[in-house]
1. Quickly run through the stretch B:14-51 and pick out the residues that are without any contact (Cβ under 8 Å) to a residue 40 or more places away in the chain, among the hydrophobic types (A, V, I, L, M, F, W, C) and part of a loop (DSSP other than H, G, I, E, B).
2. Filter the stretch B:120-175 down to the residues that are within 7 Å of chain A (Cβ to nearest Cβ) and under 18 Å from B:Ala22 (Cβ atoms), then identify the one that is surrounded by the most Cβ atoms within 10 Å (Cβ to Cβ).
3. Return yes when B:Thr72 is among the hydroxyl-bearing types (Ser, Thr, Tyr), touching a residue at least 24 places away in the same chain (Cβ under 8 Å), surrounded by fewer than 23 Cβ atoms within 10 Å (Cβ to Cβ) and touching an Asp or Glu at 6+ places or on another chain (Cβ under 8 Å) and no when it is not.
4. Does B:Leu89 count as free of Cβ contacts under 8 Å to residues at least 60 places away in the same chain, surrounded by fewer than 19 Cβ atoms within 10 Å (Cβ to Cβ) and facing another protein chain (nearest Cβ under 8 Å)?
5. Search the stretch B:44-61 for residues being among the aliphatic types (A, V, I, L, M) and surrounded by 24 or more Cβ atoms within 10 Å (Cβ to Cβ), and hand back the single one that is farthest from the other protein chains (Cβ to nearest Cβ).
6. List the number of the failed condition for A:Arg44; all other conditions in (1) within 23 Å of B:Glu129 (Cα to Cα); (2) away from chain B (no Cβ under 14 Å) hold.
7. If you take the residues of the stretch B:176-200 that are more than 9 Å from chain A (Cβ to nearest Cβ) and touching a Ser or Thr at 6+ places or on another chain (Cβ under 8 Å), which of them is farthest from B:Asp238 (Cα to Cα)?
8. List the strands (runs of 3 or more DSSP E) inside the stretch B:160-234, counting only whole elements, that have at least 2 residues being within 21 Å of the chain's Cα centre (by Cα), in contact (Cβ under 8 Å) with a residue 12 or more places away in the chain and more than 26 Å from B:Ile95 (Cβ to Cβ).
Amino acid sequence: MSKVNKRISLQEAAALIPDGSSLTFSGFTIWRRPMALVYELIRRRARDLHLIEVNGGPQTEFLVGAGCVAIWESCWVGHELYGKYGANVSRRVAAKDIIVEDYSHAEMTFRMAAAAAGMPFAVSQSSLGTDIHNPEYDMLGRAGLRDGGNPRIARHKYQFVEDPFFGGGQYVLSPAPKIDVAVLSVQQVGEEGTVRVQGQHYTDPEVARAASLTIAVAEEVVPEDYLRRNSDANTIASFEVDYIVECPWNAHPTGMFGRYDVDGDFLRDFYQRTRTQEGFDAWAAEWVHGLDHLSYLEKLGWPRTLRLKANTALNYSTSVKRGQ
Amino acid sequence: MSTKNYAAPGDYNLADLLCCAAAREVRDHEVVFAGTGLPMVAIMLAQQTHAPNLKLIFEAGTLDGRPPQLPTSVGDARCEVGASRASGLHDAFSIAQRGYVDLGFLGGAEVDQYGNVNTTAIGDYLSPELRLTGSGGNPDINSFASRTIFIMVHEKRRFTENVSYITSPGWRVKKWPQGDWVHRRQLYGAAYRGGPTAVISTLGVFRFDEETGRIYLDTCHPGTSAAQIKEQCQFDLDVSRVSGETAPPTVEELHLIHDVLDPEQIFIPRVTK
């Protein structure tokens, strides 16, 4: 047994993310997002968050709609099949309520990997020639935030270099992100913090290591000894995780490989109802405020959760209706 | 070789036609990197027909999967079925940057005559009328695949002289920080492997001249003409190289799309009579 007790509650986890923090998440678009903790952040009316995400999804849309986010640095947001784009991000960008800094998907991935390896920047040739590299569209620079005053914001969005070793052409250097907190949503975590992700690991190993503080919210906490019997199946080492939260169904309405499918009806309803701020506020009053995780699950109800439950051989649900 | 058993005009819809036209761009044994939606159905159709050995990569991290059921996104648990390896984005994008990818299949909201594609924002980027999803892996796949194919809705405002924002690099691109227009070969140097090779729109199939980088019309979908399609482009479309009409789906392809790949009608609706 570990000498340190890493177990905390969802509420304690949310309290580890003060206003103004830079924050990132596990998962991919509508899969394995730490939604239960995102709901907690909205309940406690978090403000001025700087989201640095390899890609966005419902967690971004929920937080941006609730006014928790000042800066969103990423490459994509939407609900896949269940919502064409991120309507809340779109609305708040148009109103200039948030600053959006665009990178490409590979750039965000390589940037996160650079941070995870303790390097100051990533180097890539991805997206050469696009407006992603247009100096006029450096939004944090335009907002006067690249003066070194904020330790989380790099002095440049990019630097261009010619390959100094092999003459291989133009390369782009992009800054490693400074992540205060990474929140993971995973299937299993051991008492000492060892994480076992099943299925694709997306960028979870990179984001866990990139952050100053890493919180793993898991479907179940299992004995460390159990995970250590097959260490080759594990994804993230114990000491990379600072706190653990046990919370079944914590990724709903996003999906979790082997456990439950994406709740497409929920996301479609969210997308359709939250095109306006009034719509978002009404949605949040119904599904977020005044509830906790258990009452949220009660509101969802057994028939719905049973439909979403994954077949344990196939790792996805055979009961959800996915088409229109 | 048997004579193709093409479906009758009333037996298929535009989505079927697009899916089949896209599938025919795939060659057997290729490494293919595909996005969510129609591209996904197209490559799975190719895998079920003429390209059983294609290697399918989804950017969320499944390498060489053989999903029997259509995923609803590239992060879906269904992507993993039969995969050679379940991995993550760092591997998927490293594989692309390393040069393994033969063909990328992508979508877009706007395209210009050099194949530059926008998926980020409509209108002035600094005060956008509409913020779209953003780049996702579109520019990354398009940067490194030997060929990329775009599947797009055809409207005059989408086939534009200048896209609102260049999300994904075409044949003539901007060399930053000055922003001079150059051929992509000049910019990508050792990493140059090719570029956009086709746009399959809801009106026709377009290809690109690799040297001039300009788009031209190759085939018109049944029921349209080159003149009509030219009218639906803001730029001066080259229609001098039209080779004929886009081939319709075969009866076998329709069966595979609707009875095997997408019986739930997730991406492709059935013809209703």
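1. Within the stretch B:14-51, B:Ala51 is the sole residue that qualifies.
2. Across the stretch B:120-175, the extreme among qualifying residues is B:Ser168.
3. The answer is no for B:Thr72.
4. On the way: free of Cβ contacts under 8 Å to residues at least 60 places away in the same chain: yes; surrounded by fewer than 19 Cβ atoms within 10 Å (Cβ to Cβ): no; facing another protein chain (nearest Cβ under 8 Å): yes.
Answer is no for this residue.
5. Taking the candidates together, the pick is B:Ala46.
6. (1)
7. My answer is B:Arg193.
8. Here the list reads B:204-208, B:215-220.
Quick note: the coordinates plus some simple rules give every number you see, no bench work behind them. Remember, predicted model here, so these are calculated numbers, not experimental data. Here the Cβ is made from the backbone with ideal geometry for all residues, glycine too, and neighbour counts use every protein chain on show.
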